[in-house]
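Participant: I have a structure I would like to understand better, so I am pasting it below and will then ask my questions one at a time.
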Amino acid sequence: MVHQTMATSTTSASSASSKISPMKLTLLRLVTTALIVGTLAACSSTPPPSPSRPAVLSPALPPGAVSIPGDNGPLPPAMAQPKSRWIPVRWAELPGFANDALHEAWNAWIKSCERPAPQFVQLCGEVRQLSIATPEEQRAWMVARLQPYRVESAEGNPEGLLTAYYEPLIDAARHPGNGYTVPVYRLPAGHGARKPWYTRQQIDTLPEAQAALQGRAIAWLRDPVESMVLHIQGSGRLRVAEPDGSVTLVRVAYAGTNDQPYQSVGRWLLDQGATRDATWPGIRAWLAQNPQRTNELLWANPRYVFFREETLDGMEAGFGPKGAQGVALTPGRSIAVDRQSIPYGTPVWLASSGPQVQLSRLVLAQDTGSAILGAVRADYFTGWGQEAGDIAGRLKQGLRLWVLWPR
């Protein structure tokens, strides 16, 4: 998924654990206990450690931290990634580890196990079994089986940036008319024959571009700004008015682009000196005062996104679109990352404190985005609809990350 988000109190997705065969809780506790008292040696491979770094001795715990039972062995060496370095730490360094509602994250983890990274294949059976465990059992298993590493830049900076994204929920019509004038297009015929394809302005104005898109509209929207939001987020939900008067809820998912460079319309406004608020609420406020400049704003971003239509019913409606890992995103528990810093499918502890949200929780690295670049960088998937969009439109605050890697 290509994009650019959900308050911490938003409703969690439907439980993916309903797909897992139940087991007796007594047996589960025995399995968990055996894991804890057994060897902590890894049953899965790990990335090669940085040859210049010796094994790390146990550091002092952060002020106010409480030691976690079972976390008292020697720490492994640091590890190097193409865009980050991972520093081994005690579980006590992770803010809020003892308090997170881990069962919410387990849904996302089970989704990642549909397409696991090689290092997590052997753990996925245990992850599925633990979907019906207590939070205490889940926490104990994590301590026994995973090692936390603080993610830092190559220069040793552990601070980064958190933003958010979401699925817009937009009214649409299957055919144009009655105010529905803005198309949501499938890939044009012969799309790959011309690279880059026409710019956004050319698509809106050139007869040859419009001819190539004839009959390719999935649906029609009322508002060109809603269309731009949909393009930037990379996916959305449409309530489509059908010709027979019925309404169908569908997802439009990312299918490709015109291969033109992405330009931020918020940055364009800032560069014009037109506003000091480049968030979506600020952009909408500027457009309300300058409606005659709508096309000028939209055409400042030459990139155009094409979509494919997907059904949206049953359990699918409780999860987001598929991310770059190839699994459905879970509201509040999936993040987009720079894959050269954190591999897809990795469980990550995320901590961020700011005016929009206070977060200390387990999330899964399941997606990426063209603007999600750097060692400590994440885009937080908030879900769909108005509340998710309000948070996503404004969230921009500090971030710390810890990857949780097999021992």
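This table checks each residue for (1) open to solvent by less than 70 Å² (accessible area, probe 1.4 Å); (2) at pLDDT 95 or above; (3) in contact with a helix residue (DSSP H, G or I) (Cβ under 9 Å, 6 or more places away or on another chain); (4) under 20 Å from residue 171 (Cα atoms).
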residue	(1), (2), (3), (4)
217	yes, yes, no, yes
224	yes, no, yes, yes
235	yes, no, no, yes
242	yes, yes, no, yes
274	yes, no, yes, no
311	no, no, no, yes
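Participant: Then there is this: Going through region 220-252 one residue at a time, which ones are over 20 Å from residue 390 (Cβ atoms) and touching a His at 6+ places or on another chain (Cβ under 8 Å)?
Facilitator: Listed by number, the residues that qualify are 220, 243.
Participant: Would you be able to tell me the number of residues in region 370-384 that are farther than 20 Å from residue 150 by Cβ, open to solvent by 10 Å² or more (accessible area, probe 1.4 Å) and not aromatic (Phe, Trp, Tyr)?
Facilitator: Number of matching residues: 2.
Participant: Could you list, in sequence order, the residues of region 126-158 that are assigned to a helix (DSSP H, G or I), open to solvent by less than 40 Å² (accessible area, probe 1.4 Å) and not polar (S, T, N, Q)?
Facilitator: 126, 127, 130, 137, 139, 140, 141, 142, 143, 144, 145
Participant: If you don't mind, another one. Return only the number of the condition from (1) open to solvent by 30 Å² or more (accessible area, probe 1.4 Å); (2) at pLDDT 95 or above; (3) not charged (D, E, K, R) that residue 49 does not satisfy.
Facilitator: The single condition residue 49 does not satisfy is (2).
Participant: Given the conditions (1) open to solvent by less than 30 Å² (accessible area, probe 1.4 Å); (2) of a type in the set (S, T, N, Q); (3) under 25 Å from residue 385 (Cβ atoms), and given that residue 258 satisfies all but one, which numbered condition is not satisfied?
Facilitator: The one condition residue 258 does not meet is (3).
Participant: Check residue 91 against each of (1) under 22 Å from residue 331 (Cβ atoms); (2) buried (at least 21 other Cβ atoms within 10 Å of the Cβ) and name the one condition it does not meet.
Facilitator: So residue 91 meets the others, but not (1).
Participant: Related question: Return the pairs, sorted by first residue and then second, in which the second residue is open to solvent by 30 Å² or more (accessible area, probe 1.4 Å) and of a type in the set (Gly, Ala, Ser), the first residue lies in region 129-140 and is within 16 Å of residue 99 (Cβ to Cβ), the beta carbons are less than 7 Å apart, and the residues are 6+ apart or on different chains.
Facilitator: 140/70
Participant: Can you list residue pairs whose Cβ atoms sit under 7 Å apart, with the first residue in region 194-210 being of a type in the set (Lys, Arg) and the second being assigned to a helix (DSSP H, G or I) and modelled with pLDDT of 95 or more? Count only pairs 6 or more apart in sequence or on different chains.
Facilitator: From region 194-210, the pairs are 200/298; 200/299.
Participant: Ok, one more. For region 96-110, what are the residues that are surrounded by 20 or more Cβ atoms within 10 Å (Cβ to Cβ) and more than 23 Å from residue 327 (Cβ to Cβ)?
Facilitator: 97
Participant: Let me ask another. For region 159-186, give me each residue that is on the phi < 0 side of the Ramachandran plot, open to solvent by 50 Å² or more (accessible area, probe 1.4 Å) and not in a strand (DSSP E or B).
Facilitator: So in region 159-186, the residues on the phi < 0 side of the Ramachandran plot come out as 159-176, 180-186.
Retained after the next criterion (residues that are open to solvent by 50 Å² or more (accessible area, probe 1.4 Å)): 159, 161, 169, 171, 175-176, 181, 186.
Within region 159-186, 159, 175, 176, 181, 186 meet the criteria.
A quick yes/no check of all residues on (1) aromatic (Phe, Trp, Tyr); (2) under 24 Å from residue 150 (Cα atoms); (3) touching a Cys at 6+ places or on another chain (Cβ under 9 Å):
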{"residue": "264", "(1), (2), (3)": "no, no, no"}
{"residue": "286", "(1), (2), (3)": "yes, no, no"}
{"residue": "299", "(1), (2), (3)": "yes, no, no"}
{"residue": "306", "(1), (2), (3)": "yes, no, no"}
{"residue": "337", "(1), (2), (3)": "no, yes, no"}
{"residue": "357", "(1), (2), (3)": "no, yes, no"}
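Participant: Give region 199-253 a look and list any residue that's touching a Lys or Arg at 6+ places or on another chain (Cβ under 9 Å) and farther than 23 Å from residue 189 by Cα, or say none.
Facilitator: Once the filter is applied, which keeps residues that are touching a Lys or Arg at 6+ places or on another chain (Cβ under 9 Å) and farther than 23 Å from residue 189 by Cα, region 199-253 yields 225, 237, 238, 240, 241, 242, 243, 247, 248, 249.
Participant: Open to solvent by 70 Å² or more (accessible area, probe 1.4 Å) and within 30 Å of residue 96 (Cβ to Cβ): which single residue out of 355, 343, 281, 321 fits that description?
Facilitator: 355
The values are calculated or read from the model by the stated rules, or taken from the named source; none is laboratory data. The shown structure was predicted, so the numbers you read here are calculated from the model rather than taken from an experiment. Glycine gets a Cβ as well: all are built from the backbone with ideal geometry, and neighbour counts include every protein chain shown. All accessible areas refer to the heavy atoms of the entire protein, side chains included, with ligands and DNA or RNA removed. Shrake-Rupley method; radii C 1.70, N 1.55, O 1.52, S 1.80 Å.
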